[in-house]
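The values are calculated or read from the model by the stated rules, or taken from the named source; none is laboratory data. Treat the numbers as computed from the prediction; the structure is a model and nothing was measured. When we count neighbours, we look across all protein chains shown, and the Cβ atoms used for this are built from the backbone with ideal geometry, even at glycine. Each accessible area value is taken on the protein alone, full model and side chains, heavy atoms only, with ligands, DNA and RNA left out. Shrake-Rupley method; radii C 1.70, N 1.55, O 1.52, S 1.80 Å.
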Amino acid sequence: MHNPQLNKNGELAHLLSIEGLPKGILTQILDTAASFMEVSARDVKKVPLLRGKSVFNLFFENSTRTRTTFEIAAKRLSADVINLDINKSSTAKGETLLDTIDNLVAMHANLFVVRHASSGAPFLITEHLRRIGRDDVHVVNAGDGRHAHPTQGLLDMYTIRHYKKDFTQLTVAIVGDVLHSRVARSQIHALTTLGVPEIRVIAPKTLLPTAVERLGVRVFHDMKEGLRGVDVVMMLRLQSERMEGALLPSSQEYFKAFGLSPDKLALAKPDAIVMHPGPMNRGVEIDSAVADSGQAVILPQVTFGIAVRMAVMDILAGTQGAAE
Ligand code: CP
């Protein structure tokens with residue numbers, strides 16, 4: 001079946017989802033990111049791999065980490081970066097998404113970074129670019145609805161590989177609001193493709209998609225059972241903005257049952273790492289005593305995100321590979 005993310009040579013042309021991407025491409029992105037981390041460790045601030053290219057950040061939903069790290073990453077690759085202010089753009093006057101894209105393509109856009117509340121919006125743009133014959137313009141999904149957040153999934157994989165080295169020896173737990181989480185979906189696909197033998201999801205029944213087991217995960221409704229012996233704990237934010245009706249009794253009761261506190265974390269392996277994509281709700285899904293502890297790698301995740309986003313943009317639109 002045709003994968004809209006790959007060109008006819010099987011190379012990455014757009015990054016829309018981790019689902020369906022071969023292990024070789026995930027590894028290529030992680031290895032390229034590692035080379036950018038080395039460049040950065042040598043205090044090299046910029047590389048010329050996207051010089052003369054224009055990256056448009058189109059964020060139709062709020063963001064702190066993703067938008068900013070894409071901007072930093074594009075600037076480090078020497079691209080011109082345009083952050084479209086959606087609230088002040090002609091979207092507010094009724095211009096359609098695809099008319100906006102046509103106008104930005106006419107301004108010589110080379111790469112769109114798109115966050116949208118509607119699942120499938122980045123795919124829609126990709127199909128439009130194909131129809132108008134603009135294979136030279138690339139799309140990166142920066143989070144669409146409940147569907148996917150592939151660069152978050154990839155930076156999470158980079159973080160796990162950095163601290164744990166070998167995916168094939170790990171037990172990983174994903175905890176919280178899986179139902180509404182594009183991050184969880186991207187994580188599960190990435191962990192599966194990279195060979196993690198045991199992926200657990202821990203959540204109340206109301207926050208799990210139906211038939212989630214079909215994704216190849218083990219389901220737990222009890223934190224204490226689910227966390228026993230895990231190497232990696234990946235916490236999720238409660239996505240209250242996507243909840244319809246009361247799926248939870250109260251945030252205090254949620255914290256008691258599913259919040260990561262030091263006593264619950266003590267059931268994981270002693271060297272387990274704790275991750276969170278942010279933004280965190282302290283005292284709801286995670287205790288500050290855990291979030292600020294030596295086991296938390298939440299801020300390194302953000303730093304690795306710059307290198308991972310550099311890697312994705314370089315592979316799509318630049319001269320693949322780090323600076324000499
Ligand atoms: N993790 C994440 O996507 O954070 P932002 O919403 O701040 O971009």
- Task: Leaving ligands, DNA and RNA out of it, report the carbon-plus-sulfur percent of the accessible area of the chain at a 1.4 Å probe.
- Result: 52
- Task: Take the range 150-298, drop everything but the C-alpha atoms, weight them equally and run the Debye formula without solvent; then report log10 I(q)/I(0) at 0.09, 0.11, 0.13 Å⁻¹ to two decimals.
- Result: -0.23, -0.35, -0.50
- Message: Please compute the volume of the convex hull spanned by the alpha-carbon atoms of the range 1-123 and report it per residue in Å³.
- Response: 136
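Over the chain, what is the relative contact order in percent, taking alpha-carbon pairs closer than 8 angstrom and at least six residues apart?
Dividing the mean separation by the residue count of the chain yields 21 percent.
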- Working with all protein chains in place, sort Phe304, Phe60 by solvent-accessible area computed with a 1.4 Å probe, largest first. Phe60, Phe304
- Item | Once the Cα gyration tensor of the range 148-218 is diagonalised, semi-axes √(5λ) in Å | 20, 13, 10
- Query: Which of the lysines could a cross-linker bridge to Lys205, judged by Cα under 22 Å and excluding same-chain residues fewer than eight apart?
  - Reply: Lys224, Lys256, Lys264
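The range 16-93: which trypsin sites (Lys or Arg not before Pro) are DSSP loop and have at most 11 other beta-carbon atoms within 10 angstrom? Don't skip to the end; give the middle numbers.
Numbers: sites: Lys23, Arg42, Lys45, Lys46, Arg51, Lys53, Arg65, Arg67, Lys75, Arg76, Lys88, Lys93; in loops: Arg42, Lys45, Lys46, Arg51, Lys53.
Of the trypsin sites (Lys or Arg not before Pro), the ones in loops of the range 16-93 whose Cβ has at most 11 other Cβ atoms within 10 Å are Arg42, Lys45.
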- Rounded to the nearest whole Å², what accessible area per residue is found for the chain with the 1.4 Å probe? 44
- Item | Per principal axis, descending, Cα span of the range 88-138 in whole Å | 28, 25, 17
- How large is the helix-only mean residue ellipticity at 222 nm for the chain, computed as the sum of -39500 (n - 2.57) over DSSP H runs with n ≥ 4, divided by its residue count, in deg cm²/dmol to the nearest 500? -11000 deg cm²/dmol
- Query: Over the Cα atoms of the range 63-199, what Rg and Dmax result, in angstrom?
  - Reply: 17.1, 53
- Just need the Rg to Rh number for the chain, please, alpha carbons only, Kirkwood Rh. 0.97
